[in-house]
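Read the structure below first, then the notes.
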Amino acid sequence: MSTSKPRRGARPGRLPAVDRRRQLLRTAAELLRREGIDGLELTRLAAEAGVSRPIVYRFFESRQALIVGLLEDLEAELGVRFAQVTARQLPAAVEDATRLFVDAACDVIEAKGVGTWELLGSKGPDPAVARLARKIHERLLAPWYLPVAAATGLDAREAETLSRMLVAAARSVLEEWYTGAISREDAVRHATRGVSGLLAAFSARPRPARRR
């Protein structure tokens, strides 16, 4: 019986469509991490994944479709991780509950890649990417508006603004972690304190008296 190994560089065997799509997204996320948005080309993706270009085009008809796929994959993972947190009995203390969500975000960054996470906040020179990122960013934020309003007593518009501030504060600290400036443990601690502090500050803000 032959014991020869597959030759180096041989193409992978046929995968079910769902697994092939996941493989292509993982490879694209790694390309994005290493080379930025400019490295995210379908021909390059095919070479990196060890498949033919027609296979890539079967799943992603254009570069924009691939970017949409990456962002939607990140959105889905965030949704799953946050749902797992909310399914538990959350701690009564705001800071303890916040820590669970910050930790979940870190898990998503590790699972889906720093490049895709940064793509979500993209405001770079590619307007199509920026529009897609804003759209998905809004979808992720929308479920938090009512809980933030309920927790702080803010009106709907103020709750939206505060939600964006909370995300921006957390993102800035997590960037310090994944760029190597601080540990994940420190990033979670600092982000948790920052988000909790903002919530507390806005909750304690005196409301203007209504005119009679």
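Pairing each residue of segment 169-185 that is under 15 Å from Gly113 (Cβ atoms) with any residue that is buried (at least 18 other Cβ atoms within 10 Å of the Cβ) and among the β-branched types (Val, Ile, Thr), provided the two are 6+ apart or on different chains, yields C-beta distances under 9 Å for Leu174/Val102; Leu174/Ile109; Leu174/Val188; Trp177/Ile109; Trp177/Val188; Tyr178/Ile109.
Taking the conditions exactly as written (surrounded by 13 or more Cβ atoms within 10 Å (Cβ to Cβ), among the β-branched types (Val, Ile, Thr) and within 21 Å of Glu118 (Cα to Cα)), does Ile55 satisfy them or not? Here the answer is no, as Ile55 does not meet what is asked. From the list Leu162, Leu90, pick out the single residue that is farther than 22 Å from Ile37 by Cα and not in a helix (DSSP H, G or I). After ruling out the rest, the residue left standing is Leu90.
Can you spot a residue in segment 187-208 that is outside the structural domain of Leu25 (by TED's automatic domain parsing), in contact with a Phe, Trp or Tyr (Cβ under 6 Å, 6 or more places away or on another chain), at negative phi and modelled with pLDDT under 95? The answer is no, given that none of the residues of segment 187-208 is outside the structural domain of Leu25 (by TED's automatic domain parsing), in contact with a Phe, Trp or Tyr (Cβ under 6 Å, 6 or more places away or on another chain), at negative phi and modelled with pLDDT under 95. Criterion applied to Val68, Val56, Val85, Val94 was being farther than 19 Å from Leu141 by Cβ and out of contact with any strand residue (DSSP E or B) (no Cβ under 9 Å at 6 or more places or on another chain), and the one residue passing it is Val56.
Which one of Ala65, Ala97, Ala83 is of a type in the set (Gly, Ala, Ser), in a helix (DSSP H, G or I) and either surrounded by 15 or more Cβ atoms within 10 Å (Cβ to Cβ) or at pLDDT 95 or above (or both)? Walk me through it before giving the result.
Working: Ala65 fails: either surrounded by 15 or more Cβ atoms within 10 Å (Cβ to Cβ) or at pLDDT 95 or above (or both); Ala83 fails: either surrounded by 15 or more Cβ atoms within 10 Å (Cβ to Cβ) or at pLDDT 95 or above (or both).
Selected residue: Ala97, the only one of Ala65, Ala97, Ala83 that is of a type in the set (Gly, Ala, Ser), in a helix (DSSP H, G or I) and either surrounded by 15 or more Cβ atoms within 10 Å (Cβ to Cβ) or at pLDDT 95 or above (or both).
Please find, among Asp38, Asp19, the residue that is farther than 21 Å from Asp126 by Cβ, of a type in the set (Asp, Glu) and out of contact with any helix residue (DSSP H, G or I) (no Cβ under 8 Å at 6 or more places or on another chain).
Values: Asp38 fails: farther than 21 Å from Asp126 by Cβ.
So the residue among Asp38, Asp19 that is farther than 21 Å from Asp126 by Cβ, of a type in the set (Asp, Glu) and out of contact with any helix residue (DSSP H, G or I) (no Cβ under 8 Å at 6 or more places or on another chain) is Asp19.
The set of residues in segment 105-137 being among the small types (Gly, Ala, Ser), in a helix (DSSP H, G or I) and either crowded, with 18+ Cβ neighbours inside 10 Å or outside the structural domain of Ala187 (by TED's automatic domain parsing) (or both) consists of Ala105, Gly115, Ala133.
The values are calculated or read from the model by the stated rules, or taken from the named source; none is laboratory data. Here the structure is a predicted model, which means the values were calculated and not measured. Virtual Cβ from ideal backbone geometry, glycine too; neighbours counted across all protein chains shown.
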